[in-house]
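Student: Structure incoming, see below.
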Amino acid sequence: MVKKIFTLVPDWVNFESFWIEIRKRNRWLIQLRYLAVLLLLGFIGGAKLIQIYFPEIKMPFDKLIYFPPLILAYNFLFHFLWNKYPEISKKIKVHSLHFSLLQISVDFIFLMLIIYFTGGVESPFNTFFVFHLIIGSLILPGAVVNLLMTIVLLVSILGSILEFKGLIPHYQISGIIEHPLYNDERYLIVFFSTFAIVVYISIYLANSIAKVLYQREKALAVAYKELEEAERSKSRYVMTFVHDLKTPISAALTWVEIITNKSLGELPSHLEKPIERIQHRLRGALTLIDDILKVSQVKLTTTIEKTPTNLKEILDEVYQHHRILIVSKNLDYRIKSNVSEVILSTDRNLLKLALSNLVSNSIKYTEANGIIEITINDNINSIDIIVADNGIGIPKDELGKIFNEFYRSSIAKEKNIEGSGLGMALVKEIITKFGGKIEIQSPSYLAQEGRPGTEVKITLPK
């Protein structure tokens with residue numbers, strides 16, 4: 001029963017995104033501690049300045065001056081442990097909440113010492129307990145925080161009794177209050193009663209809010225997983241259906257090509273154009289089916305097989321694949337890079353598919369004698385790949401829809417340029433799988449009069 005009450009991991013929070021959030025909050029505690037060191041130094045420095053103008057105000061600077069370096073030292077240790085946590089957790093059976101409990105416990109010890117050396121029940125630092133308890137209640141279960149606070153309260157009461165009896169020395173900021181309060185029984189009773197009520201109510205409220213938020217987050221995480229599974233089920237169904245549809249269309253196209261090749265004899269002249277239109281439509285249908293299959297396949301991909309991949313080699317292969325179209329339209333095709341070689345750890349085939357789709361779009365929507373430029377920027381932690389052209393462009397109010405499946409811009413429709421509307425959706429799906437991001441804008445930096453162009457920027461982690 002005791003183990004159940006004081007468990008660090010309640011059943012209602014044990015889900016993946018909870019642990020990600022707790023790890024973030026552990027780092028947040030470390031960052032706040034750096035700020036606390038600066039504030040404490042500011043307090044000591046400010047008190048020194050005040051003492052120049054008000055010499056009657058005195059405090060134990062010889063004791064307080066040790067706290068900033070000590071807090072900084074153990075915070076450096078916590079920062080180191082936070083960075084090494086993934087390795088440590090594999091060797092020792094600990095999790096992020098153990099680390100949270102350790103940090104908060106050490107903070108309470110140092111805060112009690114600071115309060116003791118700045119007046120105990122008279123110290124202005126007592127209010128920081130409430131602040132720290134609220135932070136603790138947003139991370140740790142209420143029962144654990146209540147236990148910590150009870151220990152702190154009992155130690156504080158014991159310390160005040162020892163000061164009252166004269167068994168330990170009393171340190172105070174003299175010159176602020178006329179009469180010491182640590183030896184006033186009535187004040188001690190009122191102070192600790194009020195303090196206990198405030199902190200326990202604060203713990204209850206903060207923990208209740210945290211519990212509701214975590215439960216909602218868990219519900220969202222479950223709903224998101226169900227949605228993902230539904231999307232995968234839909235993709236599997238679509239793949240099966242479309243694949244079954246592909247077989248008869250491929251067979252029909254084969255027979256039409258046999259007819260157009262005159263393998264079955266001469267074709268009457270009045271049937272040539274209708275047969276050509278049928279052939280064109282069947283090829284378009286197969287292209288659409290292939291695009292749907294590609295999108296569905298990428299959506300069903302749950303793991304990315306990363307291998308060292310030479311980006312320039314992929315771009316050369318993409319160029320060779322589209323070379324005939326590039327030459328036939330007399331396009332100025334360029335590749336620019338700020339480094340001689342770029343090696344990415346990624347899925348080679350998926351990256352090639354994404355880049356091939358972008359280049360294919362630029363070729364399709366750029367008129368003869370246009371420009372297509374691919375720029376590679378090697379950054380510290382990421383790679384930027386920009387595919388720009390001076391083609392027909394995309395209206396600004398349609399840019400937000402361009403990654404939707406089957407969406408085609410109004411300009412493409414007006415110019416009767418054929419396409420499935422799945423290319424950009426496929427590219428975004430792949431880049432998202434890589435943990436990257438994709439941005440699109442029009443006009444591009446290659447824009448000319450009557451040729452606004454489009455610019456797509458992909459950012460990939462190294």
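The values are calculated or read from the model by the stated rules, or taken from the named source; none is laboratory data. Quantities reported herein were computed from a predicted structural model and do not represent experimental measurements. Using ideal geometry, Cβ is built from the backbone for each residue, glycine included, and neighbour counts are taken over all protein chains shown.
Student: Pick from segment 55-69 the residues that are of a type outside the set (Lys, Arg) and surrounded by 12 or more Cβ atoms within 10 Å (Cβ to Cβ): which of them is nearest to PHE110 (Cα to Cα)? Outline the logic, then answer.
Tutor: Residues of segment 55-69 that are of a type outside the set (Lys, Arg), as a first pass: 55-57, 59-62, 64-69.
With the extra rule that they be surrounded by 12 or more Cβ atoms within 10 Å (Cβ to Cβ), the set shrinks to 57, 59-61, 64-65, 67-68.
Details: ILE57: 24, MET59: 18, PRO60: 16, PHE61: 16, LEU64: 11, ILE65: 13, PHE67: 8, PRO68: 10 Å.
Result: PHE67.
Student: So, one more: Residue check: is ALA47 in a helix (DSSP H, G or I) and farther than 30 Å from PRO180 by Cβ?
Tutor: Numbers: in a helix (DSSP H, G or I): yes; farther than 30 Å from PRO180 by Cβ: no.
So ALA47 does not fit the description; no.
Student: While we're here: Is it the case, given these coordinates, that SER105 is among the small types (Gly, Ala, Ser) and either surrounded by fewer than 21 Cβ atoms within 10 Å (Cβ to Cβ) or closer than 30 Å to LYS58 by Cβ (or both)? Write out each step before concluding.
Tutor: Details: among the small types (Gly, Ala, Ser): yes; either surrounded by fewer than 21 Cβ atoms within 10 Å (Cβ to Cβ) or closer than 30 Å to LYS58 by Cβ (or both): yes.
For SER105, the condition - among the small types (Gly, Ala, Ser) and either surrounded by fewer than 21 Cβ atoms within 10 Å (Cβ to Cβ) or closer than 30 Å to LYS58 by Cβ (or both) - is met.
Student: Can you give me the number of residues within segment 327-342 that are surrounded by 14 or more Cβ atoms within 10 Å (Cβ to Cβ) and either polar (S, T, N, Q) or at pLDDT below 90 (or both)?
Tutor: Of the residues in segment 327-342, 2 are surrounded by 14 or more Cβ atoms within 10 Å (Cβ to Cβ) and either polar (S, T, N, Q) or at pLDDT below 90 (or both).
Student: To continue, here is another question. Select from segment 181-204 the residues that are within 17 Å of PHE128 (Cα to Cα) and hydrophobic (A, V, I, L, M, F, W, C) and list them in ascending order.
Tutor: PHE191, PHE192, PHE195, ALA196, ILE197, VAL198, VAL199, ILE201, ILE203
Student: Would a scan of segment 196-204 turn up a residue that is out of contact with any Cys (no Cβ under 8 Å at 6 or more places or on another chain), in a helix (DSSP H, G or I) and without any contact (Cβ under 8 Å) to a residue 24 or more places away in the chain?
Tutor: Yes, there is a match, as at least one residue in segment 196-204 is out of contact with any Cys (no Cβ under 8 Å at 6 or more places or on another chain), in a helix (DSSP H, G or I) and without any contact (Cβ under 8 Å) to a residue 24 or more places away in the chain.
Student: Residues to consider are ILE314, ILE324, ILE259; find the one that is more than 36 Å from the chain's Cα centre (by Cα), β-branched (Val, Ile, Thr), surrounded by 14 or more Cβ atoms within 10 Å (Cβ to Cβ) and at pLDDT 75 or above.
Tutor: ILE259
Student: Out of ALA36, ALA73, report the one residue that is assigned by TED's automatic domain parsing to the domain that holds TYR171, closer than 15 Å to VAL106 by Cβ and surrounded by fewer than 15 Cβ atoms within 10 Å (Cβ to Cβ).
Tutor: ALA73
Student: Quick one: SER156 ticks every box in (1) modelled with pLDDT of 90 or more; (2) loosely packed, with under 14 Cβ neighbours inside 10 Å except a single one, so which number is it?
Tutor: (2)
Student: Within segment 308-359, track down each residue that is farther than 14 Å from ILE376 by Cβ, of a type in the set (A, V, I, L, M, F, W, C) and free of Cβ contacts under 8 Å to residues at least 60 places away in the same chain.
Tutor: ILE324, LEU325, ILE326, VAL327, LEU331 - these are the residues of segment 308-359 that are farther than 14 Å from ILE376 by Cβ, of a type in the set (A, V, I, L, M, F, W, C) and free of Cβ contacts under 8 Å to residues at least 60 places away in the same chain.
Student: Just checking, which of LYS84, LYS93 is surrounded by fewer than 13 Cβ atoms within 10 Å (Cβ to Cβ), out of contact with any strand residue (DSSP E or B) (no Cβ under 7 Å at 6 or more places or on another chain) and not in a helix (DSSP H, G or I)? Steps first, please.
Tutor: On the way: LYS84 fails: not in a helix (DSSP H, G or I).
After applying the criteria, what remains is LYS93.
Student: Same structure, new question: Give segment 50-74 a look and list any residue that's assigned to a helix (DSSP H, G or I) and touching a residue at least 12 places away in the same chain (Cβ under 8 Å), or say none.
Tutor: Within segment 50-74, PHE61, LYS63, LEU64, PHE67, PRO68, LEU70, ILE71, LEU72, TYR74 qualify.
Student: Can you say whether LEU72 is aliphatic (A, V, I, L, M) and either modelled with pLDDT of 90 or more or more than 20 Å from ILE173 (Cβ to Cβ) (or both), as far as the supplied structure shows?
Tutor: yes
Student: Scan (1) modelled with pLDDT of 75 or more; (2) touching a helix residue (DSSP H, G or I) at 6+ places or on another chain (Cβ under 7 Å); (3) not charged (D, E, K, R) for the single condition PRO274 breaks and write down its number.
Tutor: (2)
Student: Looking only at segment 343-376, which residues are under 18 Å from LYS415 (Cβ atoms) and either of a type outside the set (A, V, I, L, M) or not assigned by TED's automatic domain parsing to the domain that holds GLN320 (or both)?
Tutor: Hits for segment 343-376 are SER360, ASN361, SER362, LYS364, TYR365, THR366, GLU367, ASN369, GLY370.
Student: Are any residues in segment 408-444 surrounded by 15 or more Cβ atoms within 10 Å (Cβ to Cβ) and of a type in the set (Ser, Thr, Tyr), and if so, which ones?
Tutor: Matches in segment 408-444: SER409, SER420, SER442, SER444.
Conditions (1) of a type in the set (S, T, N, Q); (2) modelled with pLDDT of 90 or more; (3) touching a Pro at 6+ places or on another chain (Cβ under 6 Å), marked per residue:
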{"position": "LYS413", "(1), (2), (3)": "no, no, no"}
{"position": "GLU418", "(1), (2), (3)": "no, no, no"}
{"position": "GLU429", "(1), (2), (3)": "no, no, no"}
{"position": "GLY435", "(1), (2), (3)": "no, no, yes"}
{"position": "ILE438", "(1), (2), (3)": "no, yes, no"}
{"position": "GLU449", "(1), (2), (3)": "no, no, no"}
{"position": "VAL456", "(1), (2), (3)": "no, yes, no"}
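Student: Confirm whether LYS211 is among the charged types (D, E, K, R) and under 21 Å from the mean Cα position of the chain (by Cα).
Tutor: Answer is no for this residue.
Student: Among the strands (runs of 3 or more DSSP E) lying completely within segment 360-462, list those that include at least 1 residues that are without any contact (Cβ under 8 Å) to a residue 40 or more places away in the chain and closer than 26 Å to THR303 by Cα. Give the steps one after another, and end with the answer.
Tutor: Working: elements: 371-378, 382-389, 437-441, 455-461.
Counting at least 1 such residues, we get 437-441.
Student: Scan segment 76-101 residue by residue and report those that are under 20 Å from LEU32 (Cβ atoms) and touching a helix residue (DSSP H, G or I) at 6+ places or on another chain (Cβ under 8 Å).
Tutor: Keep residues of segment 76-101 that are under 20 Å from LEU32 (Cβ atoms), which gives 76-83, 85, 96-101.
Residues satisfying the conditions are PHE78, HIS79, LEU81, TRP82, TYR85, SER96, LEU97, PHE99, SER100, LEU101.
Student: Which one of these is under 27 Å from ALA47 (Cβ atoms) and under 47 Å from the mean Cα position of the chain (by Cα): VAL152, VAL144?
Tutor: Being under 27 Å from ALA47 (Cβ atoms) and under 47 Å from the mean Cα position of the chain (by Cα) holds for just one of VAL152, VAL144, which is VAL152.
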